[in-house]
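Everything on this sheet refers to the single structure shown next.
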Amino acid sequence: MRFCRFNDNRIGVVRDDGIHDVTAIIDELPTVKYPYPLGDQLITNLDRLRPKMEALADAASPIDPAGVKFLSPVANPSKIMGTPANYQAHRDEAEADSEISQAGYAGKKIEDQGIFLKSCSALIGPSEGVAVRFPDRRTDHEAELGVIIGKPGSDIAEADVFDHIAGYALALDMVVRGPEDRSFRKSVDTYAVLGPWVVTSDEVPDPGNLDFVLKVNGEVRQKSNTSLMILDIVRQVSWASTFYTLNPGDILMSGTCEGVSRVEPGDVMDFEFQGLGRMEIPIRAHKT
Ligand code: MN
């Protein structure tokens, strides 16, 4: 199943003929009271809700995706994790360009850098657009496979990782280049893009062999395949869970390939992932 969040917080099941509005599924979520549980309630309850979502989709007329505003398909992650420099060709370009690599990180193994966090307040869907906050500095795109956690877990064994994954989406780990702490520079409002929908893991038999391409204004900037990851999805999720309890709806951005480059207001990114979908993300100026 593919599901999205669109327009004014509508929930949709995405099928080949269009988007089917299944927003009524929200009435099936359990009532939660303060203090609210960490994580995304729709994804927490997804296995139970799926048959009902499919039935609601059967009864709904398809909507043309071209006229829809896509929000982040995950509304309430408890954290957004990022794996640094997970493709060798990107490591090489970063080491050759001091504007990309942070002082002290060049040449350092992923295992020695650790997984970093991006603020949840940075999260948007593609239609909201990325707002360049500091026009005098370099804001780069990093095209990545987004992994959505489905079941809670800590110290998840590698053999059990796929039981904890709800699905996948296209992810952009946007970043202001510069000297400050990485999490600070990657947590600017709108600098975490997820979309256009989540494809559930049963429809992605091998996330470790997917082509992806990101264009800016029609020109190819990043093009690779997830088989070129240094740490695969299993290793990343298992490792992350040795530091963080993973909650349903948590997002792992699994690292980017070579070709990162600057974007500026007026640009449009076009990002496509084999088997997952395609989305356009406009770049705009930050409004003060
Ligand atoms: Mn990244």
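Points to keep in mind about this one:
- Residue in region 53-60 that is outside the structural domain of I251 (by TED's automatic domain parsing), touching a strand residue (DSSP E or B) at 6+ places or on another chain (Cβ under 7 Å) and not in a helix (DSSP H, G or I) present: yes
- In region 114-133, residue surrounded by the most Cβ atoms within 10 Å (Cβ to Cβ) [restricted to those that are part of a loop (DSSP other than H, G, I, E, B) and either free of Cβ contacts under 8 Å to residues at least 60 places away in the same chain or within 16 Å of the ligand (Cβ to nearest atom) (or both)]: I115
- V234 among the hydrophobic types (A, V, I, L, M, F, W, C) and either outside the structural domain of L194 (by TED's automatic domain parsing) or in contact with a His (Cβ under 8 Å, 6 or more places away or on another chain) (or both): no
- Qualifying residue in region 178-188 (condition: in contact (Cβ under 8 Å) with a residue 12 or more places away in the chain, within 18 Å of W239 (Cα to Cα), within 14 Å of the ligand (Cβ to nearest atom) and within 15 Å of the chain's Cα centre (by Cα)): no
- Which numbered condition R10 misses (of (1) surrounded by 13 or more Cβ atoms within 10 Å (Cβ to Cβ); (2) touching a residue at least 40 places away in the same chain (Cβ under 8 Å)): (2)
- For region 263-288, residues that are among the charged types (D, E, K, R) and out of contact with any strand residue (DSSP E or B) (no Cβ under 6 Å at 6 or more places or on another chain) total 2.
- Residue satisfying condition, being within 16 Å of the ligand (Cβ to nearest atom) and either crowded, with 20+ Cβ neighbours inside 10 Å or not hydrophobic (A, V, I, L, M, F, W, C) (or both), within set H141, H164: H141
- Residue match in region 65-85 (condition: at pLDDT below 95 and within 16 Å of the ligand (Cβ to nearest atom)): yes
- Region 144-161 - residue that is among the β-branched types (V, I, T) and over 14 Å from L194 (Cβ atoms) and, of those, farthest from the ligand (Cβ to nearest atom): I156
- Close Cβ contacts (under 6 Å, 6 or more residues apart or on different chains) running from residues in region 135-163 that are part of a helix (DSSP H, G or I) to residues that are crowded, with 18+ Cβ neighbours inside 10 Å and not aliphatic (A, V, I, L, M) comprise E158/S238; V161/S238.
- The residues listed here are L123, L145; of these, the one that is hydrophobic (A, V, I, L, M, F, W, C), more than 13 Å from K186 (Cα to Cα) and assigned by TED's automatic domain parsing to the domain that holds V175 is L145.
- Residues that are at pLDDT 90 or above, within 12 Å of the ligand (Cβ to nearest atom) and either under 21 Å from T190 (Cβ atoms) or surrounded by fewer than 15 Cβ atoms within 10 Å (Cβ to Cβ) (or both) within region 86-113 are absent altogether.
- Region 256-286 - residue that is under 21 Å from P205 (Cβ atoms) and surrounded by 21 or more Cβ atoms within 10 Å (Cβ to Cβ) and, of those, farthest from the ligand (Cβ to nearest atom): G277
The values are calculated or read from the model by the stated rules, or taken from the named source; none is laboratory data. None of these values were measured; they are calculated from a predicted model. Reconstructed Cβ throughout: ideal geometry from the backbone, glycine too, with neighbour counts over all protein chains shown.
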